[in-house]
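To start, the structure itself, in C-alpha cells.
The values are calculated or read from the model by the stated rules, or taken from the named source; none is laboratory data. Because the structure is predicted, anything quoted here is derived from the model rather than measured. To get the accessible areas, we keep the full protein, side chains included, count just its heavy atoms, and leave off ligands, DNA and RNA. Shrake-Rupley method; radii C 1.70, N 1.55, O 1.52, S 1.80 Å.
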Amino acid sequence: LLRKIVDSDSLPSLSPIAIQLVELASDDRSSAPDLAAIIEKDPSLATRLLKLVGSAFYARPERVSSISQAVVLLGFKKVRVMALSLSLRDTFPMGEHGGMD
C-alpha cells in the first residue's frame, strides 16, 4: 500500500475552499459572515448548505434566505464537519480512483 501511495502520480487533494472553511470555522475569532463569504465562493457547497437548513430536520417557520443565516442556524462545528465531509466525499469517491481503492 505504501509503495502504491509513493508511486502514484496524482494523489487527490482537498478543495482549497474546504480547507479555508475548516480552518476559519476552527478559529474562535471568526464570525458567521466570514464563513459565509468563503461558502459563497463555492456554489455547490452553498447549495448543499441551503438544502440542509431547508430540510425537515431544521424546519423553521420562515425560510433561511442567506448563507450567513444558515451558518448561524447550523453552528460553526456542524458547518466545519459538513465542509470536510463533502470535500472528502468529492475528493475520494467510492470505488477506485487513480489506482487507489
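So, for segment 17-95, what is the accessible surface per residue at a probe of 1.4 Å, expressed in square angstrom?
Working: 4990 Å² over 79 residues.
That works out to 63 Å² for each residue.
Would you mind calculating the gained length between Ser26 and Leu84 on full extension (0.36 nm times residue separation, minus the Cα-Cα distance), in nm to one decimal? It would help to have the intermediate numbers written out before the result.
Values: separation 58, 0.36 × 58 = 20.88 nm, distance 1.20 nm.
Contour length minus Cα-Cα distance gives 19.7 nm.
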